[in-house]
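Okay, so here's the structure we're looking at.
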Amino acid sequence: MRIAELSRRSGVPVATIKYYLREGLLPAGELTSPNQARYSDDHLHRLRLVRAMVEVGGLSIAAVREVLGALDDPEKSLHKAMGTISAAVAPPDLGADDELAHAQVAAFLERQGWVCRPTSYAYKALVGVLATAREVGHERFADLLDGFADAARPLAEADLGYALSAETKDEALEGVVVGTVLGDAAMAAVRALARRELSGTRQSAAGQPCSDPT
């Protein structure tokens, strides 16, 4: 297919496709003339994946490039690819020097029986979250971590089950991408829906008028 058809079938503008090609997020098409190329269904599949990561997952171009690198590395195991992908979508490290936040994360991991190096992206990201929460006056936020862990275990099981149910390693790695990037977006939406429903139920139980929040 030509780039115009690729654009029509994917819903991605031609200019954006050309940008993705320049950034290396999409492999070059097969040249049919000096300024014409032909694209395959593989290009369409990759383009839709990139679009999902950018538009739904909210990833930066640099993060998408890192994720695709893990996806395309034939030597990378599923476990290592999952770490690379998760690191690419993790929030920035905002509390590297916060000793109290480090101590809170270490204590949390010990309570859960989880092993994680302080240099891990997840460890540093959690330190940053706790440090930021305290800076804005919410020292109690750290008390939520054990409840988050209880909720996260079945989610992690679901993520792994989705990826490991694939028939090939390539499909499994792509399942990690979908489960991590789109899974996080889906969980944020489901969490918002659940919070909205619970808030309305509590207002009704308290005899307060229940508005319809957006």
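The values are calculated or read from the model by the stated rules, or taken from the named source; none is laboratory data. Quick caveat: nothing in here was measured; it's all calculated off a predicted structure. Note that each Cβ is placed from the backbone with ideal geometry, even for glycine, and that neighbours are counted across all protein chains shown. These area figures cover heavy atoms from the full protein model, side chains too; ligands, DNA and RNA do not enter into them. Shrake-Rupley method; radii C 1.70, N 1.55, O 1.52, S 1.80 Å.
Label-to-label distance for L31 and R191 is 4.8 nm, based on points extended 7 Å past Cα in the beta-carbon direction. Helix 41-51 and the longest principal axis of the Cα set of the chain meet at an angle near 30°.
State the extension gain, in nm to one decimal, for the chain segment bounded by H79 and I61, taking 0.36 nm per residue of separation less the distance between their alpha-carbons.
On the way: separation 18, 0.36 × 18 = 6.48 nm, distance 2.30 nm.
Gain in length upon complete extension: 4.2 nm.
Please report, as a whole percent, how much of the solvent-accessible surface of segment 1-98 comes from carbon and sulfur atoms (probe radius 1.4 Å).
Details: 2900 of 5570 Å².
Carbon and sulfur: 52 percent of the exposed surface of segment 1-98.
Computed with a 1.4 Å probe over protein heavy atoms only, the accessible area of L26 comes to about 10 Å². Counted residue by residue at 0.36 nm each, then reduced by the alpha carbon distance between them, the extension gain from E167 to A4 reaches 55.4 nm. Helix-only arithmetic for the chain: the sum of -39500 (n - 2.57) across DSSP H runs with n ≥ 4, divided by the residue total, places the mean residue ellipticity at 222 nm at -20000 deg cm²/dmol.
Compared with the alpha-carbon gap, the fully stretched path from S120 to A106 is longer by 3.8 nm at 0.36 nm per residue. In this simple spin-label model, placing a label point 7 Å from the Cα along the Cα-to-Cβ direction at both A156 and R38 gives a separation of 4.8 nm. Between the alpha-carbon centres of segment 1-67 and segment 134-211 there is a gap of 30 Å.
Let me check something: with ligands and nucleic acids excluded, how do T180, T168 order by accessible area (1.4 Å probe), largest to smallest? The partial results should precede the final answer.
Details: T180 20, T168 65 Å².
Sorted by accessible area, descending: T168, T180.
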